[in-house]
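Colleague: One structure coming up, written as structure tokens, with questions to follow.
The values are calculated or read from the model by the stated rules, or taken from the named source; none is laboratory data. All values derive from a computational prediction rather than experimental measurement. Methodologically, a virtual Cβ is constructed for each residue, glycine included, from the backbone with ideal geometry; neighbour enumeration extends over all protein chains shown. Side chains are part of the model used for accessible areas, which takes the heavy atoms of the whole protein and leaves out ligands, DNA and RNA. Shrake-Rupley method; radii C 1.70, N 1.55, O 1.52, S 1.80 Å.
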Amino acid sequence: MVGVAYDCLLNPQGAVRSTFENALSKVSDTAAFDGKDWGAIDLFRKFLYDDGGLSQVPVLNPSSIARLKSNTLVRFRGMIQDMLGNELYVGMYKDGETWRTNKFGDFFQFPMATGSSPDMRVWERRLLYCVPVPGQNSWIEYSSESLLNPISISSSPQREKRHREDDTAMDDIDMQVTNEEVQASTSNKKMREDGITSNSSNLGDTPTADIGSATSVLPYFDRNSLPCLVKIYDSPESDLKLNDVFEFIGVLTFDPEFSVDKNVDNDILGYLGDDDTQTQMPPTKVPRLHCLIHKKLSNQDFISGSPTLELKSHLVKEIRETLLRHLTTILGNDGVAANLMLLHLLSKVHARVDSTAVGKLSLNLTCFNKETLSVYGLRLNLALKNLLPFTHCVPLTVDYLNKIPLAPKKNYQTNRLASGILQLAEGSHLTIDETQLQEGRLNPIGLENARVLQSLLEHQKVEYDFTYYKMDMPADIQLLVLSEGKSNILPADLVLPFRPLSVDAAQDVEIEVLQSWRWYLATMRSLSHSITQEMQKVVEDDLVAARQADRSLGSLDFSRFLTMGRLVSLSFGETTLTLEHWQMAKELERLRKERL
């Protein structure tokens, strides 16, 4: 046995080898280990969850990568951007008379005979190309970086200074606020909601580069695009799906200065995989994580530092009232817009019936121009960044539609899925700024992009292009459209002319209050909901009456009415529809129609 046997943090592979040797002494047939765990996972589960070791595991991100040691235990949170198939590797081999294992590692720790041999077991592991969740806002990174601990190696003072300067610069850009306001949010525990300095009415810049490109992470890197090649062992394929967000905990292997000779023998390398992966994503640029434990994450898992709140009715109502007041101020005291915005932020797809995504509630605020967008649009955009974990803004122009592919497309030359802007994680928020859209001709790319956007808005599906065929991928993305008139390209569920009454002064929001709003939106959105038989009869009668009054109403309108009623109830923390909340939803719909 080499190294510290059970130092799960600093020497996880030593712990794996120790459990292997222990299990080996209890079996006579080594085939029992093929595709199975021999107790290593149980050891790490006990260390992480029973013994409280999870908080000691450092987070792998652009800020920490330079300080983390290879072959130590790390955790990485990211979205599965591409699935690269399976890789063969030598999992067991004989060193003399002793069986060794290479599981959860890239290189052999002991010499191995070359060539195929009965003294060698070849196993499979899955390769997942993962990236930080697209649109992840900077307040999430603060909480992640705070989890770093002394097991990370120290850097030179000069390198540390450069990292601090880079982080500060990027934070200023990400939050779109001045340095003084960032300082205020951290030292005085307050954050301004409209402290924006911009000479443009554009709500935000959308990256045009492929988010999944293999980029060198040292010494210069994009802090929002650190990729990670995650290697999965002994897990059913159904457990991990494209675009799912996971926390992976495992062994880090990464060395920016390491180089491998192309003619190197298999007595050093522990994998028998495709050279394309090593060429396009070399270990010098893309860190590897040999996954021991993985857990699917929801938006709630990213609300770090939020208070531990209970679903008490009075508490939820208080948070709802303060958040609604805040949204009303942001939207120029337009109360109807603020109420519909709250329902929009609580919406999610909770069922699918044929082609209908039940629960979605897209919102189109009209009457925006360059002047109102520069005030209310930017304030709203920053508020959403501060409230939600993952947000995007797309400036919709003819030139943008004609040039930038929105849907992912398979590149068969590299055998990679080229990510598009619309490859987003479940629960992401997308704002589409249509105020800059002028007359023009759409080329084939533009027409395809417009169709893909319509499909996302109407059916919550994104069509992935695999050249020889196309595949609809289900999505759950909140869509907000800001436009001058009703959008012809993007027919939203709710259309409301925006009528601000005033521009109030900037608000100072306590961090604790901001955290309670984040908790509220993530938690209320996750609640299940039902309708009693009595309320079903009330709703049916009201829908029949509405149909008699307006023959143009159809099944989609009725579905929207029910969604609004459900979301009003959820906004109060209620999981069943009440008559009071149904009446509130009907009144909101009446006020909305008055403006059309």
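Colleague: What is the residue count in region 466-497 for residues that are within 19 Å of the chain's Cα centre (by Cα) and assigned to a strand (DSSP E or B)?
Modeller: Narrowing region 466-497 to residues within 19 Å of the chain's Cα centre (by Cα): 473-480.
Of the ones still in play, those that are also assigned to a strand (DSSP E or B) are 473-474, 478-480.
Residues meeting the conditions: 5.
Colleague: What number of residues in region 355-384 are outside any helix (DSSP H, G or I) and within 23 Å of the chain's Cα centre (by Cα)?
Modeller: To start, the set of residues in region 355-384 that are outside any helix (DSSP H, G or I) comprises 355-369.
Subsequent filtering for residues that are within 23 Å of the chain's Cα centre (by Cα) retains 357-363.
So the answer is 7.
Colleague: Based on what the data block shows, is HIS581 within 32 Å of the chain's Cα centre (by Cα) and free of Cβ contacts under 8 Å to residues at least 60 places away in the same chain?
Modeller: Yes; evaluated as a whole, the condition is true for this residue.
Colleague: In region 431-453, how many are open to solvent by 10 Å² or more (accessible area, probe 1.4 Å), more than 18 Å from GLU463 (Cβ to Cβ) and of a type in the set (Asp, Glu)?
Modeller: So the count comes out to 2.
Colleague: How many of the residues making up region 49-72 are touching a Lys or Arg at 6+ places or on another chain (Cβ under 9 Å) and open to solvent by less than 30 Å² (accessible area, probe 1.4 Å)?
Modeller: Within region 49-72, residues that are touching a Lys or Arg at 6+ places or on another chain (Cβ under 9 Å) and open to solvent by less than 30 Å² (accessible area, probe 1.4 Å) number 9.
Colleague: Scan region 306-352 residue by residue and report those that are open to solvent by 20 Å² or more (accessible area, probe 1.4 Å), of a type in the set (D, E, K, R), part of a loop (DSSP other than H, G, I, E, B) and modelled with pLDDT of 95 or more.
Modeller: LYS348
Colleague: Please state which of the following conditions PHE44 fails to meet, knowing it meets all the rest: (1) touching a strand residue (DSSP E or B) at 6+ places or on another chain (Cβ under 8 Å); (2) among the aromatic types (Phe, Trp, Tyr); (3) not in a helix (DSSP H, G or I).
Modeller: Answer for PHE44: the failing condition is (3).
Colleague: May I pose another question? If I filter region 5-24 for residues that are at pLDDT below 90 and open to solvent by 80 Å² or more (accessible area, probe 1.4 Å), do I get at least one hit?
Modeller: Within region 5-24, one or more residues are at pLDDT below 90 and open to solvent by 80 Å² or more (accessible area, probe 1.4 Å).
Colleague: Another question, then. Answer with yes or no whether ARG77 is open to solvent by 20 Å² or more (accessible area, probe 1.4 Å), touching a residue at least 60 places away in the same chain (Cβ under 8 Å) and more than 27 Å from the chain's Cα centre (by Cα).
Modeller: Numbers: open to solvent by 20 Å² or more (accessible area, probe 1.4 Å): yes; touching a residue at least 60 places away in the same chain (Cβ under 8 Å): yes; more than 27 Å from the chain's Cα centre (by Cα): no.
Against the criterion (open to solvent by 20 Å² or more (accessible area, probe 1.4 Å), touching a residue at least 60 places away in the same chain (Cβ under 8 Å) and more than 27 Å from the chain's Cα centre (by Cα)), ARG77 does not qualify.
Colleague: Assess whether GLU463 counts as being under 23 Å from ASN364 (Cα atoms), among the acidic types (Asp, Glu), outside any helix (DSSP H, G or I) and in contact (Cβ under 8 Å) with a residue 60 or more places away in the chain.
Modeller: In short, no.
Colleague: Cβ-Cβ under 8 Å, sequence separation 6+ or interchain: first residue in region 440-457 and in contact (Cβ under 8 Å) with a residue 12 or more places away in the chain and farther than 11 Å from ASP399 by Cβ, partner among the hydroxyl-bearing types (Ser, Thr, Tyr) and open to solvent by less than 60 Å² (accessible area, probe 1.4 Å). Which pairs?
Modeller: LEU457/SER362
Colleague: For the subset of region 80-109 comprising residues that are surrounded by 15 or more Cβ atoms within 10 Å (Cβ to Cβ), of a type outside the set (D, E, K, R) and part of a loop (DSSP other than H, G, I, E, B), which member is modelled with the highest pLDDT?
Modeller: Within region 80-109, the match that is modelled with the highest pLDDT is PHE104.
Colleague: If you don't mind, there's one more thing I want to ask. How about region 385-425: which of its residues are assigned to a loop (DSSP other than H, G, I, E, B) and surrounded by fewer than 20 Cβ atoms within 10 Å (Cβ to Cβ)? Before the answer, list the steps.
Modeller: Filtering region 385-425 down to residues assigned to a loop (DSSP other than H, G, I, E, B) leaves 388-389, 396-397, 404-408, 412-415, 419-425.
Once the filter is applied, which keeps residues that are assigned to a loop (DSSP other than H, G, I, E, B) and surrounded by fewer than 20 Cβ atoms within 10 Å (Cβ to Cβ), region 385-425 yields THR397, ILE404, PRO405, TYR412, GLN413, THR414, ASN415.
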